[in-house]
Amino acid sequence: MTVILSIETSCDETACALLQEGRRLLASVVASQMEIHARYGGVFPEVASRQHVLSIYPVVQQTLQQASLTLQEVDAIAVTRGPGLAGSLVVGVNAAKGISLASGKPLVAVNHLEGHIYSAWLHEAAEQNPAPAPQFPLLALLVSGGHTELNLMHDHLQYQRLGATLDDAAGEAFDKVARLLHLPYPGGPAIEQAAAQGNPAAYPFPRAWLEGSYNFSFSGLKTAVLREVRRQEAANQPLPVQDLAASFQAAVVEVLLTKTLQAARTYGVQNIVIGGGVSANRALRAAFLAQKDYTVHIPPLKYCTDNAAMIASAGFYRFQQGHIAELDFDVLPTWTLSS
Ligand SMILES: Nc1ncnc2c1ncn2[C@@H]1O[C@H](COP(=O)(O)OP(=O)(O)OP(=O)(O)O)[C@@H](O)[C@H]1O
Ligand SMILES: [Mg+2]
């Protein structure tokens, strides 16, 4: 039974996890800095880096304690190498190197984006009958704060990018539109909450279909919301935040679902995996689960946003394939999935 200890510090969460056989989660600890950054309306890189330094060792200790394991019982250390904030990544990578050196356990460098995809493999240790693992070939829709892309996977760790966003990431669009609607940071959960009371058909916001490609674009949608907000504000009308949020969310969900299903049909794929912060969105989850033609794997809610459990899962499959990192590797703040 292979046990992976993983570390994730790519942005503003200091996280560590212990995972057995790529799927069974023994422990997961996430120290969030969200409250600190909320006052800036976004992540403040230098503050994030310093907070990681303060949190990393207590978080690793707590994870080992949670699973009642020692480092000797771990088979490999997986760590996020990129993409992310350089000053944040470097804290996790150096901690992982130190732990690897001290324990003699091999290091595995993981791409944060493949982590988001592999969050769909996770299940809690206590679960008696976990859902079957996703089956290849599959489509992986990654919808996070900084990325939106659709990948075809024929096997573990093989990513064929079919399309990506040409401008804003889906999560970024949620965050920007939340700001327009005077909702708090992070915008995704705030929009979702407001949208729950709103009418998704109130405003026919544009859908960028970009026919003939699997690319996405959300900036036109964001501008359409901005225009409507300005119009209402100029008329001194109270902003119909709930209807605007619901109509915006409906447009994002419709495009993500339609394009993914189109690709599934074209490539003859039965399994679809969704990951990244926006996969926590209940309207998106409901839309994907409502269709019955494909088997959809969506991570448990708490593993949609940044965590280390997902890094352990991707790390397990890398470790299995013998991807061991040397101690002198550096962080890759702009690392893509297919490079
Ligand atoms: N319920 C939700 N509905 C919609 N969006 C959400 C929801 N919860 C979180 N998000 C969005 O998810 C994003 C955060 O996700 P994630 O942690 O995956 O992104 P990130 O790590 O900042 O970016 P990346 O992984 O691309 O580097 C934010 O943009 C946030 O608004
Ligand atoms: Mg992320």
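Some notes on this structure:
- Neighbour net charge for V253 - beta-carbon separation under 13 angstrom, K R +1, D E -1: +2
- Placing unit charges on the Cβ atoms only, positive for Lys and Arg and negative for Asp and Glu, gives the stretch 138-298 a dipole magnitude near 140 debye about its Cα centre.
- Cα-based Rg / Dmax (Å) for the stretch 138-298: 15.8, 55
- Net charge dipole, the chain: roughly 480 debye, given to the nearest 20, about the Cα centre with Cβ charges of +1 for Lys and Arg and -1 for Asp and Glu.
- Sites count as exposed loop sites when they are GluC sites (Glu not before Pro), lie in a DSSP loop, and have at most 15 other Cβ atoms within 10 angstrom; the longest stretch of the chain without one is 212-325.
- Note: relative contact order over the chain, using C-alpha pairs below 8 Å and six or more positions apart, is 25 percent.
- Listed by number, the DSSP H helices of the chain that run 24 Å or longer by alpha-carbon position along their axis and have mean Kyte hydropathy of at least 0.5 are 86-103, 241-267.
- Cα gyration tensor shape of the stretch 220-339, rounded if a/c is under 1.5, else prolate or oblate by comparing a/b with b/c: prolate
- Two numbers describe the Cα atoms of the chain: Rg and Dmax, which are 20.0, 67 Å.
- Rounded Å value of the spacing that divides the Cα centres of the stretch 143-187 and the stretch 248-266: 13 Å
- A full extension of the chain between S103 and Q158 corresponds to an added length of 16.8 nm, given 0.36 nm per residue minus the alpha carbon distance.
- Qualifying lysines (Cα of each under 26 Å from Cα of K97; at least 8 residues distant if same chain): K105
- Of all the options H123, H323, H52, the one that moves most in a Gaussian network model of the chain with Cα springs shorter than 10 angstrom is H323.
- Between H182 and L210, the distance separating the two model label sites (each 7 Å from Cα on the Cα→Cβ line) works out to 3.4 nm.
- Translational diffusion coefficient (Stokes-Einstein; Kirkwood radius from C-alpha pairs) of the stretch 176-222 at 25 °C, 0.890 mPa s, in µm²/s: 199 µm²/s
- Projecting the Cα atoms of H156, T295, L337 onto the charge dipole of the chain, computed from C-beta unit charges around the Cα centre, puts T295 farthest toward the positive end.
- Within the chain, helix-based [θ] at 222 nm, where runs of 4 or more DSSP H residues each add -39,500 (n - 2.57), nearest 500: -13000 deg cm²/dmol
- Fraction of antiparallel bridges per DSSP, the stretch 48-153 only, in percent to nearest 5: 55 percent
- Between amide H atoms placed 1.01 Å from N, distances below 5 Å from H297 occur with I272, V273, I274, all of them 5 or more places distant or on a separate chain.
- Expressed per residue, the C-alpha convex hull volume of the stretch 62-104 stands at 81 Å³.
- Distance between the pseudo-spin-label points of Y40 and R227 (7 Å out from Cα toward the beta carbon): 3.4 nm.
No lab work stands behind these numbers, since they all come straight from the coordinates. Just so it is clear, the structure is predicted and the values come from calculations on it, not from any experiment. Note: ideal-geometry Cβ built from the backbone for every residue, glycine included; neighbour counts use all protein chains shown.
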